[in-house]
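Each remark here refers to the structure printed beneath this line.
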Amino acid sequence: MGGATASCVAGATVASQVFGPTILSFGVTAVQAAVMIHAGCCVFDCLPHGSFFHISAGTLQMSIKERLKIIPYESLIGFSMTAVATIVYGVLGFTF
């Protein structure tokens, strides 16, 4: 949903409404579900149509071409963050 809405916040809001009941039916708490949804949405916030992409490019005074070169690294970080959140909160069931 983060990729569809080009926003981490909007994506998390839509995803929680669409997938929330299904995720909660697996027995995880609301906080655990929120962490996993938010981590998944943050992966797509660095895509070229996302606000974070343009804000970070402008702040660092990078050209769009330079900024596009970083996307694979940001995606790897985002997918790692999602995998860790899913394992820690979804599989292991930790709540902090």
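Got a number for residues in the range 48-69 being of a type in the set (A, V, I, L, M) and part of a helix (DSSP H, G or I)?
Restricting attention to the range 48-69, the residues satisfying the condition of being of a type in the set (A, V, I, L, M) are 55, 57, 60, 62, 64, 68.
Narrowing further to those that are part of a helix (DSSP H, G or I): 55, 57, 64, 68.
Summing the residues that are of a type in the set (A, V, I, L, M) and part of a helix (DSSP H, G or I) in the range 48-69 gives 4.
In the range 63-90, what residues are closer than 19 Å to residue 38 by Cα and surrounded by 15 or more Cβ atoms within 10 Å (Cβ to Cβ)?
Across the range 63-90, the qualifying residues are 74, 78, 81, 82, 85, 86, 88, 89, 90.
Could you list, ordered by first residue, the pairs with Cβ atoms under 7 Å in which the first is in the range 47-68 and of a type in the set (Phe, Trp, Tyr) and the second is assigned to a helix (DSSP H, G or I), at least 6 apart or interchain?
Sorted first by the residue in the range 47-68, then by its partner, the pairs are 52/45; 52/46; 53/46; 53/67.
On the basis of being exposed (fewer than 15 other Cβ atoms within 10 Å of the Cβ), part of a loop (DSSP other than H, G, I, E, B), in contact (Cβ under 8 Å) with a residue 12 or more places away in the chain and over 10 Å from the mean Cα position of the chain (by Cα), does residue 93 make the cut? Spell out how you get there, then give the answer.
Numbers: exposed (fewer than 15 other Cβ atoms within 10 Å of the Cβ): yes; part of a loop (DSSP other than H, G, I, E, B): yes; in contact (Cβ under 8 Å) with a residue 12 or more places away in the chain: yes; over 10 Å from the mean Cα position of the chain (by Cα): yes.
For residue 93, the condition - exposed (fewer than 15 other Cβ atoms within 10 Å of the Cβ), part of a loop (DSSP other than H, G, I, E, B), in contact (Cβ under 8 Å) with a residue 12 or more places away in the chain and over 10 Å from the mean Cα position of the chain (by Cα) - is met.
Quick note: the coordinates plus some simple rules give every number you see, no bench work behind them. In this text the structure is predicted, and so the values were computed from the model without any measurement. In this analysis, Cβ positions are derived from the backbone assuming ideal geometry, glycine residues included, and neighbour counts consider all displayed protein chains.
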